[in-house]
1. Which condition number in (1) more than 24 Å from LEU120 (Cβ to Cβ); (2) in the same structural domain as LEU120 (by TED's automatic domain parsing) is the one that ARG68 fails?
2. I'd like to know if segment 93-112 contains one or more residues that are of a type in the set (A, V, I, L, M, F, W, C) and under 17 Å from GLY13 (Cβ atoms).
3. Within segment 40-62, how many residues turn out to be over 12 Å from MET20 (Cα atoms) and either touching a Ser or Thr at 6+ places or on another chain (Cβ under 6 Å) or surrounded by 11 or more Cβ atoms within 10 Å (Cβ to Cβ) (or both)?
4. What helices (runs of 4 or more DSSP H) lie completely within segment 43-116 and have 1 or more residues being within 18 Å of the chain's Cα centre (by Cα)?
5. For segment 83-129, how many residues meet the condition of being small (Gly, Ala, Ser) and touching a residue at least 24 places away in the same chain (Cβ under 8 Å)?
6. Consider segment 19-38. How many of its residues are touching a helix residue (DSSP H, G or I) at 6+ places or on another chain (Cβ under 7 Å), under 15 Å from SER74 (Cβ atoms) and part of a helix (DSSP H, G or I)?
Amino acid sequence: MARANDTGPRRLGELERSVMDALWNAGAEGRTAQELVEELARAGGPELAQTTVLTVLDRLRRKDFVSRERIGRSHRYRATQGREEVVAASMVDVLRTTEDRRSALVRFAGSVSPEEAALLRAALEELEG
């Protein structure tokens, strides 16, 4: 469920998305900032200082994307929402930026693959039923 806050749009920047991907992959176990630095480097991303990752994690926490728990002298961070929930909320946020939702939805529906269109139809039927 998307939570309202006053920190601005709930969209993810590129670095925020990379950190969230690592947290989503970590599952319920979560990661420390140092573990995230190491994981992002292994994934071929840029070498980041731990302070940079901590800044990103703080922004994500203020946006309600992550929670943190003190573990000894550090913190363990976990995603508060699943990837699919965040993607859906982002799509709704973008849709809210237009006055002509119908046209935007028609263009979106026309841009998806036949398999995705079938999934959309099935989802709409399920919601109607």
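1. For ARG68, the failing item is (2).
2. Restricting attention to segment 93-112, the residues satisfying the condition of being of a type in the set (A, V, I, L, M, F, W, C) are 94-95, 104-106, 108-109, 112.
With the extra rule that they be under 17 Å from GLY13 (Cβ atoms), the set shrinks to 94.
Yes, segment 93-112 contains at least one residue that is of a type in the set (A, V, I, L, M, F, W, C) and under 17 Å from GLY13 (Cβ atoms).
3. At the first step, the residues of segment 40-62 found to be over 12 Å from MET20 (Cα atoms) are 41-52, 54-55, 58, 62.
If we keep only those that are either touching a Ser or Thr at 6+ places or on another chain (Cβ under 6 Å) or surrounded by 11 or more Cβ atoms within 10 Å (Cβ to Cβ) (or both) too, we end up with 41, 43, 45, 48, 50, 52, 54-55, 58, 62.
Looking only at that region, the number is 10.
4. Once the helices (runs of 4 or more DSSP H) in segment 43-116 are filtered for at least 1 residues that are within 18 Å of the chain's Cα centre (by Cα), what remains is 50-62, 83-95.
5. Qualifying residue count, segment 83-129: 2.
6. Looking only at that region, the number is 4.
The values are calculated or read from the model by the stated rules, or taken from the named source; none is laboratory data. Please read these numbers as outputs of a predicted model, since none were measured by experiment. With ideal geometry, Cβ positions are generated from the backbone for all residues, glycine too; neighbour counts draw on all protein chains shown.
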